[in-house]
Each structure stands twice: as structure tokens, then as C-alpha cells.
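Heads up, the thing below is written out as C-alpha cells.
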Amino acid sequence: MRILSEVGVKVRNRRAIDFFASVGCKTADGRVVIPESAVTRAISQTAKQVPFVASAGEHSFTVDAGSDGISYGTGGQALYVLRRREGKFLRSSADGNDLREILQLCEGLQNVDFITRPVEPDVDAENMDAEKARIFAANTSKPMNLANLVKPEKLDEVVEIIGGRDLLSFIACLVVSPLSIDDGAADKLMTIVEHDIPISISSCAQGGTTAPLSELGELSQLNAEVLAGFVLANAVKPGAKVLYRGIPITSDLMKDGSPRWCQPDSIRRLALAARMSRSYGIPCCGTAAVSDEKEPSAQGIAEKTLSWIFEGAAGAHYINSALGMLEQVLTVSPEQYVIDDIILGQIKEGLSGTSPEDLQVFAAASAERALSTFGVKVDDDIRREIGSRIDFIYDKKEQYTEENAEKQFEAVRKACTSSMGSNVFMKGSRRGLREGVLYQGKRIEGDLDFSVVDAVLAGSK
Amino acid sequence: MSKDDILAQIENTIIMGHLDESDEGFDGDLEGTPGTIELVEKALKDGIEPGKILEAFNSAMDVVGKKFEEGEYLLPDMLAGAECVGEAMDIVEPYLMGKNEQKKGKFLIATVKGDLHDIGKNIVITMLKGAGYEVNDLGIDVPVEKIVETVKEYKPDYLGLSALLTTTMIEMEKVIKAVREAGFEDVKIFVGGAPTSPEFAKKIGATEHCYDAFEVVEKLATYKKAG
């Protein structure tokens, strides 16, 4: 709360500033400082049940903040689609035809509970929202999350095309870390909330570049960012249907700073973010299984399996981007959707019945089973690597002390008031990197058997 | 402290990425001790030739670069060293006026309109300054008009454009078109950012695509050699 009440969030959107002011927030030097009372009120007011309605009624579900039910869906804004042709994967730029194909494929996959936009149609900004809505309306009967709304003024048209606002939801990537509210995203959030449509408030901090590498520091900053969104949404409309989507991943500072979405350090932080959301008693949009692999692989299967399990066990209600994703949200693959659907089918039931004490064993067994399903021979080396990853997910690498909290607070404050905030975080990561904050393990290798995948894809056409 | 001692300490602070007294440095234990900034200020005050100070910068960055290549140093260590040199150069520069020390080139850089992301851009800036380039940073969310106006005034040798969003990378093409239509055919335009690619760069008429800051520095060096 100190981050919000002392550092605040950078806001340029005039309408958003006015809404923040209406609930007791003050503005100074371009930053809105948010008192704890405003956060507490927003959490108290925000909707605790969020319905996701499908045009085919049997697919409808409700996210209930007080329950442990999990729904899994797609996600993205991938630029590329990867397809297997004659034993090799070929990449092409994504377009409207790919969106249609993916929607049709996911319509038939049993473990896709909702569809979030995986790729955008290749039309100009003026026509993007309507065209996407048309493709969705014609190709899926599951709850629809269009994710982005390019032009807020197009929302009424989108609702009409879809057939009713109840059938729709969105995602607002509201905050650019650290603690800067995106102007356009704020407009979209406010418009969508005003229309009483569900929306996930998202922040994707990257430890080491846009947030502290420290787990305590990153989670603190991320929490502040998402809660700022809750304050804004409930200022616009008390009882807003918003979900908490904190995506605390790490940056691969051992190499080039690129994001690490599915390594044990990120899996742990994503799970902790879900736990934070649940501790407030608010609906949680999780993120899982966004593989760092460039194509379907044994490594990808193992890391995705662990990611689903720990995000689900942490209590995420609505797990976005859970199928089909590769290369850190840049790529999707029909083959990967099918692989992910099969594995999710294997773990879902077992996960709900697994106690916390048995979770590690369940996770290891699930990863081994998933690999075996696709023809990978699981030997002792692979078992050790899976075990090592699970151990890392459980390992708290730093002390959550007052001293550490103060240090992380100061790092966030310095980064927010510096013109080169990312440098502050990168330089501050040097000791943590040497202390092993980022997991450095071995790749899990093995050729995949795609025969089941090929059969499913052939049957889906 | 002798002049040689000061120069040796300047080198050491750069190698340790210890910018100033408030900076924790390589191992996190250097806070409170003089950093590069304090030592460079002392060096100039004590009458050490600016050229000798630049030699210390170059020597230190050679060590940093070698440690990075050998895997002893990671990206943040490289960045910290480059930042020390970049910031210290701003202090030394006025003492070089009229002398035969030249920047390697002028680099104008911006994150395009609609995009607030600047991680990659900031790394590029730091590395370029550390490598001896003059850098003018327009910041984030920069409209086409501002970039073109600055190109006219600043006359850079190079223009760098960064975007992290698929929705904003299309802005890059508008910038390139506007810069060329304004008559600046000779400015070398570099583009980068996660959604960009060499194919995209070629399509929009950029001179170069770079995956990271190191590639920017490497490609710039080829222009200097060719020039």
C-alpha cells in the first residue's frame, strides 16, 4: 500500500484522473497517489461473482471469488502461427483466416472453457474491432474474450455484432510497469466498465527490467499496479466486474533480458500473484503455460504442465493464455493447442482432488505422464530435472523482512522517478542473479510423437 | 592519491559498475565509496588530462567487454559499466571542446507513438554512450512530427526506433516515410523491439534491424569502418 500512497501511479488520462479524485486520490507531479482507504473500498465494492456467458448455454460459467473452480482459456495477440508440414514446423504471419481456424479448432477442444483472442485479423485499426467480433460470432459458441478494444467508440457496434454484452469480455493491459497507466488502455477500461462488461485488469511486470528482480519487490509493485486498476474501475462503476490479472515474470538477464514466462522462477511468482488476489477475496485471472519454446517440444510440455498445476493450485479462477502459446506470446500453433488440450484433460480432475501436501508428487507424476503421452522416454535425468524445477518453485529465495521490504520500496521509488527506470532495476539485479534467483537447469529433450495430434487436427477439419 | 591512482580507481569503478556513492556496485557492497562520477570530478579538478581519463574509460570497457564475452559478466554488469562511462562522458565532454576528441556519431532514438515501453531503448542508449556515441533520447510515445522536427534540428547520423507492441510497430513505417520525404535520405534508420524482425524492417524501408543493443553497437561499427 505504501507504493500506492507514497509513490503513486503516473496518469495522463484526464478522465481517469477525475475518477481517481472522486474516490479521494490526489495528484502531484503527474502521479496519482492512492490512499489505502480507496483500495480497501474498491476491494469491498468490486464484484465477487463475474458471469461469463456463452451463446451455447452449456459453456457458460461464473467466476466466484469465494470458490476454487478453474476455467481454462486461450489468449495471446500472437504475431505468428506455427504449423507442422511434412515433419517440420513452418511459421507464417497471423491473419483473419488463422483466427477463424483457431476458433473452430478450440470450439471442439474439450478443455477450452473460454476463448480469448489468440491472434488479430489483419485489417486496419478502424475495422479491427468489428471484424474480430464478426469472426468470433461466426466461429465460437464458448464465452468470448476479445481482449483488446482498439477504439472504445466501437464498443456498441461490437456488442451488436456479438449479440449482447453478456457474451463478451475483455482484457485491459492497463499499466506499463513501473506504475504508469497507459492512456489508451485507461479509456478502454473505463468504457468497458461503464457498459458493465467483464474485464481483466492486467499488469505484466518483468523482474529485473521493469520491476525489481527480487520476488518481494516485484510482487509488491505488481500488486500496486493491479489494485490501482481496481480503484479506477470501481470509481467508474462501484461493483465493477473486474478480475485481478497479475503477471509477474522474470527477465533473462543471464543472456539478453528477454522475458521468461514459463521457467520455475516465473511459475512461482505467477502462483504467488494468484494467491495475493485470492487473499483479497476477489476474482483472479491467472496466466499459465505460455511456453518460452519456439515450437512444440518435450521441454515445452514439461514446463507447461508445471505451470498449469501450480497456477491452478494457487487458486486462479480464470486461467488465460493457457493453451496454444509459444515463444513468449509471439506464436501460437494448432498442434500446441491440441497437445495442451490433451494434457489439461489429464491433470484437471486430479488437480482438484490433490491436497497441498501431495502437490509436488502430483506435479512430478503429471509432467512424466504428459511427456510419455507424446512419446518421450522419461529417464532418470528427466525425472531429476522435473524434480529440480519443482523444488525451485517451492524454494523461497529471500527473506520477507522489513529491511528487505524497505529496500525494494526504495528501488521502486527510484525507478519511478528516474528517466531510465529499467537501468535502476537491471543494476539492482546483479547480486540476485549471482545468488541464483533465476533457475538455470537442463533442457528436457526428447522427440515428440505427433500421431495423436495429427489425428485430432485431421478430424477437426 | 597520485594521478595514476585516481585513473586506476576510475577504471576499477567502471569495471565494478559503481556509478556514484549511492550505487551499490557489482557485489552490492560499494555504497558509500567514491564511484566513477566522484573520481572523474576529482581527476579533472586535480588537472588530469581529459585524454588520459578517456583512455581509462576505454581500458575499463575492454575489460568489461572481455568479462562479458567470457561469461563472467552478465548483461546488467555490462550495462552498469557502460552507464558509468556514459554518465562520466557528460562530465568530461566540456573539457574536450576544441580538442581532437570526437564522438563516433550522433544517434537520435525514440519509442514510437502509442508505446510506453523503453527497456530496450534504455539499454541501447546506455551502451551507445558507453561506446562513445552522442545520443539524443526523445523518450517514449513520440509522434512522427516530433521525430522529423528533431531530425531537422539535430541532424543525426543515425535514427533508432523502438516498439514493443504489435499495434505500435506500424508507426515505424510512418516515421521512416516522413523522414525520407523531409529529405533525409542519408540518416541510417535502425529498428528494434520484440515484435519486429529483419523482414519487417526491410518491408518498411529501415536500414537495419537489431535484436539487441549489442547488435546496434556491432552494426554501427561497420558503418564507421566503411566510412
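Looking at region A:1-109, which GluC sites (Glu not before Pro) are DSSP coil and have at most 14 other C-beta atoms within 10 Å of their C-beta?
A:E86
Lysine pair count for region A:361-454 with Cα-Cα distance under 25 Å and sequence separation of 8 or more or different chains is 10. Cross-link partners for A:K154 among the aspartates and glutamates, with Cα-Cα distance under 18 Å and sequence neighbours closer than 8 places in the same chain left out: A:E120, A:D122, A:D124, A:E126, A:D129, A:E131, A:D166, A:D183, A:D187, A:E194, A:D196. Within region A:29-143, all pairs of alpha-carbon atoms sorted by distance into 10 Å bins from zero give the percentages 12, 31, 26, 22, 9, 1, 0.
Here the spin labels are modelled as points 7 Å beyond Cα on the Cα-Cβ line, and at A:S44 and B:E21 they lie 4.8 nm apart.
Applying 0.36 nm per residue to the separation of A:A365 and A:R443 and subtracting their alpha-carbon distance, the gain on full extension is 26.3 nm.
The calculated FRET efficiency for the pair A:D124 and A:T27, based on their C-beta separation and a Förster distance of 30 Å, comes to about 0.25.
With r as the distance between the Cβ atoms of A:D256 and A:K397 and R0 = 22 Å, compute the FRET efficiency 1/(1 + (r/R0)^6) and round to 0.05. Numbers along the way, then the final one.
On the way: r = 22 Å, r/R0 = 1.02.
Given R0 = 22 Å and the Cβ-Cβ separation, E is 0.50.
Report the calculated FRET efficiency for B:E149 and A:R383 (r = Cβ-Cβ distance, R0 = 56 Å), to the nearest 0.05.
Numbers: r = 62 Å, r/R0 = 1.10.
E(calc), rounded to 0.05, equals 0.35.
Restricting attention to the protein assembly as shown, close to 30% of DSSP beta bridges with both partner residues there are antiparallel.
Assuming 1.567 mPa s and 4 °C, estimate D for region B:106-226 with Stokes-Einstein, Rh taken as the Kirkwood radius over Cα pairs, in µm²/s. Estimated diffusion coefficient is 94 µm²/s. On the principal axes of its alpha carbon atoms, the protein assembly as shown extends 81, 58, 57 Å, with the longest extent given first. Note on region B:3-96: along the principal axes its Cα atoms extend 36, 26, 22 Å, ordered by decreasing extent. In summary, the lysines within cross-link reach of A:K241, defined as a Cα separation below 18 angstrom excluding same-chain residues under 8 places away, comprise A:K48, A:K188. Under 17 Å between alpha carbons, and skipping anything fewer than 8 positions from B:K67 in its own chain: which aspartates and glutamates qualify? Straight-line reach from B:K67, under 17 Å: A:D256, B:E11, B:D27, B:D77, B:E83.
Throughout, read-outs are computed from the coordinates displayed, never taken from laboratory work. Bear in mind that the values here come from a model prediction, so they are computed numbers and not experimental data. Here the Cβ is made from the backbone with ideal geometry for all residues, glycine too, and neighbour counts use every protein chain on show.
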